[in-house]
Amino acid sequence: MKITRCALVLCLSLAVGACADKDKPGGEGTATAAFNAGLTEVVNPSTATGGTLKLASAHDVDSWDPTRSYVTAVYNLQRLYVRTLLTPDAKPGADGLKLVPDLATAAPEISSDKLTYTFKLRDGIRFEDGSAITAKDVRHGIERLFAQEELSGGPTYLIDQLDQGQHYPGPFANKNGLKSISTPDDKTITFKLAEPFADFPYLLAMGVAAPVPAAKDTGAKYGDKPVSSGPYRFETIDPGKEAVLVRNEQWDRATDTVRKALPDRIELTFGTAPDEIDRQLLDGDLDADAGQGGVQSASQPKVLLDPVLKARADEPTTGFVQYAAMSTAVKPFDDVHCRRAVQYAVDKTTVQTARGGPDAGGDIAGAMLPPGIPGHDPSLDPFQTRSGKPQPDKAKAELTACGKPDGFETVIATTNSPKASKTAEAIQAALAAVGIKARIDASDPSIYARSVVGSPSNVHTKGYGLIMGAWSADFPTGYGFFPTLIDGRLILPSGNNNYAELSDSAINALIDRARDTTDPAEAAKLWSQVDAAVMDSATMLPLTYDKVLNYRNPRMTNVFVNQYYGMWDVTALGVA
């Protein structure tokens, strides 16, 4: 991934160039313009530096503070200005799913009992003010995640692994630090786990593990201008309007084997209408759509039916599942039969159409765990919805079983982005056909996750029965996808992502078994069982496995989809 990491997916619409040599420096793959070329190859490879990369988004980011963001789009952008011990490799295809050393000199040294991870930091790594990045800075960056009262919103996996009963309140309240992290010198950081956890390295590749200098940590205001450890620093941040990044002169290319850092300047404009973004993109005035979900419905036929434009487009599967959570704390969704009524009533073909159809909208989903994650079972479809057709008779039978034979009233919470609004309207119409009257309450994506649906008390007050969401794995395993959504022990008073407030001891036990299993094949089987148990609870209504149609501005260089994020890798991009 996190708005959740999912509600503002930054599937950048980038570029393609013409014929370049496969062996040209900086390139691997082809430069021949072709539809979907960016899914598996580097399009228009180049090492040329300079110029300004121009991005636009309809909505602001959730936070520039890497501790507080839970948006996949922002994860991608974070890598321009922060570095972590490990990071996904910047390569197309399956290679992009692999972690490589970033601030660290190498992969961790792991003890024989699989409990201790030790990293050594590179020489020559510095913050934008020229100060050396030390192990203590990495430690402080991780420890500030524990200050959830001040810094909520980001993924909390590291709290689960490193707190170990200490009930650590974060560095602002406790200067002694986490007992599970030691920094014997400026170049060494060691993590001590309570039990083996095979996915631990993935947690250290997330923005919440980025170094933060304690002397410049402004707490809740840190996102106003975070300190850069990457190739770019913020020149200005004007919330809701614009962010400008320029070169961080303290970044040394020799210490970074991942980032290309080709443009001299990156300008990101917020608040641009989606249709206007499409117009500027197709006119060549904009380099990339930094908003969400590819071109809008009005632009899709222009791209797909014009051979020239289509050759400048990619249609990646993003790794996201679009879904609606039914809040078990909001009546009548405390009754499983009322939840099942919704499962049977929704017309998923109409939802798919609202999202752009089979090409630009995605495949109809029968369960939550998306393709590409070990444990995904394409046959899992307990409500038989993959046909896309609603089942009103079954829906009405479930309404009778829950004591609401004439239906009931509820509220659908969603964002006001075009696709989200159309999706909610499609669900609203399907529910009305069986007597369920649903009112839509739409909010801006920049506040949706944290302040609107991320607060259970607000959900209860507003009566949000159905909560629209989108989710992808934070890292490519079942544990990277599921716990934050469904683990009852992770329900938070703020920044909550378990919108259904699902708390089932049997599901929690399955999560623990899957998490503790080190055999990947056995773990995948257990995550498939988790998926089946979640669907049996009927708390989650899976809609589509996302696809988006993104147009590439022809002047863009080094364009490819990084499978780790399901989008173009912004760290590789250049402008011709």
Report summary line: For the chain, Rg(Cα) over 2.2 N^0.38 Å is 0.93
Query - Charge tally in the Cβ shell below 13 Å around Gly130, where Lys, Arg are +1 and Asp, Glu are -1, Gly130 excluded - result: -1
Query - FRET E, pair Ala576, Arg253, Förster distance 30 Å, beta-carbon r, rounded to 0.05 - result: 0.90
Query raised in the report: Quick one: if you stick a label point 7 Å off each Cα along the C-beta vector at Ala214 and Asp264, how many nm between them?
Result: 4.0 nm
Requested in this report: Straight distance only, please: which aspartates and glutamates reach the Cα of Lys98 with their own Cα at less than 12 Å, same-chain residues fewer than 8 apart left out?
Outcome: Asp89
Query raised in the report: Which of the trypsin sites (Lys or Arg not before Pro) found in region 214-266 are in a DSSP loop and have at most 14 neighbouring Cβ atoms, other than their own, within 10 Å?
Result: Lys241
Requested in this report: Take the Cβ-Cβ distance between Ser494 and Lys389 as r, set R0 to 35 Å, and report the resulting FRET efficiency rounded to the nearest 0.05.
Outcome: 0.35
Query raised in the report: Given H placed on each backbone N at 1.01 Å, which residues far from Gly93 in sequence or on other chains put an amide H within less than 5 Å of it?
Result: Gln563
Report summary line: A correct Karplus calculation of ³J(HN,Hα) over region 45-61, with 6.51 cos²θ - 1.76 cosθ + 1.60, θ = phi - 60°, whole Hz and x for Gly and Pro, returns x, 6, 10, 5, 9, x, x, 10, 8, 10, 10, 9, 9, 6, 9, 6, 6
**Report entry** Inter-site label distance for Lys98 and Glu235 at 7 Å from Cα along Cβ, in nm
**Finding:** 3.7 nm
**Report entry** Nitroxide proxy distance, nm - points 7 Å out along Cα→Cβ at Thr40 and Arg513
**Finding:** 3.8 nm
Report summary line: Full extension between Thr461 and Ala198 adds, at 0.36 nm per residue less the Cα distance, a length in nm of 90.7 nm
**Report entry** Residue-level accessible surface for Arg312, protein heavy atoms, 1.4 Å, Å²
**Finding:** 70 Å²
Query raised in the report: Thr52 to Ser503: extension gain in nm, 0.36 nm per residue of separation minus the Cα-Cα distance?
Result: 157.5 nm
Query raised in the report: In whole Hz, what ³J(HN,Hα) sequence does region 235-248 give by Karplus (6.51, -1.76, 1.60; θ = phi - 60°), x for Gly and Pro?
Result: 7, 8, 9, 10, x, x, 10, 7, 9, 10, 10, 10, 4, 8
Report summary line: Looking only at lysines whose Cα falls under 20 Å of Lys422's and that sit 8 or more positions away or on another chain, we get Lys348, Lys389, Lys437, Lys547
Report task. Post the alpha-carbon centroid distance, region 135-155 to region 220-261, in whole angstrom. Result -> 19 Å
Query raised in the report: Got a sec to turn the phi values of region 304-309 into Karplus ³J(HN,Hα) couplings, 6.51 cos²θ - 1.76 cosθ + 1.60 with θ = phi - 60°, whole Hz, x for Gly and Pro?
Result: 6, 9, 9, x, 5, 5
Query raised in the report: Looking at this model, which pairs from Lys175/Lys260; Lys331/Lys525; Lys241/Lys310; Lys225/Lys419; Lys302/Lys419 are more than 29 angstrom apart at the alpha-carbon?
Result: Lys175/Lys260; Lys331/Lys525; Lys241/Lys310; Lys225/Lys419
Query raised in the report: Considering only protein heavy atoms and a 1.4 Å probe, what is the carbon-and-sulfur percentage of the accessible area of region 95-233?
Result: 49 percent
Report summary line: Distance in Å, no decimals, from the C-alpha centre of region 379-456 to the one of region 459-476 is 12 Å
Report summary line: Dividing the helical contributions, -39500 (n - 2.57) per DSSP H run of n ≥ 4, by the residues of the chain yields a 222 nm value, nearest 500 deg cm²/dmol, of -6500 deg cm²/dmol
**Report entry** Accessible surface, the chain, averaged per residue in Å² (probe 1.4 Å)
**Finding:** 35 Å²
Requested in this report: Please report, as a whole percent, how much of the solvent-accessible surface of region 442-513 comes from carbon and sulfur atoms (probe radius 1.4 Å).
Outcome: 55 percent
Query raised in the report: Where nothing but the Cβ of Lys and Arg (+1) and of Asp and Glu (-1) is charged, how large is the charge dipole of the chain around its Cα centre, in debye to the nearest 20?
Result: 220 debye
Requested in this report: Scan around Gly319 for amide H atoms under 5 Å from its own, H built in the peptide plane at 1.01 Å from N, and keep only partners 5 or more places away or cross-chain.
Outcome: Asp546
Query raised in the report: Given a Förster radius of 30 Å and the C-beta distance between Lys187 and Asp160 as r, what FRET efficiency does 1/(1 + (r/R0)^6) yield to the nearest 0.05?
Result: 0.65
Query raised in the report: Roughly how many debye, to the nearest 20, is the charge dipole of region 228-385 about its Cα centre, given +1 on each Lys and Arg Cβ, -1 on each Asp and Glu Cβ, and no other charges?
Result: 340 debye
Report task. Take the solvent-accessible surface of the protein heavy atoms, probe 1.4 Å, and return the percent of it on region 267-425 that carbon and sulfur atoms account for. Result -> 50 percent
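The values are calculated or read from the model by the stated rules, or taken from the named source; none is laboratory data. Since the structure is predicted, the reported quantities are computational estimates derived from the model, not experimental observations. No Cβ is skipped: glycine too gets one built from the backbone with ideal geometry, and neighbour counts run over all protein chains shown. Calculation scope for accessible area: heavy atoms of the full protein, side chains included, ligands and nucleic acids excluded. Shrake-Rupley method; radii C 1.70, N 1.55, O 1.52, S 1.80 Å.
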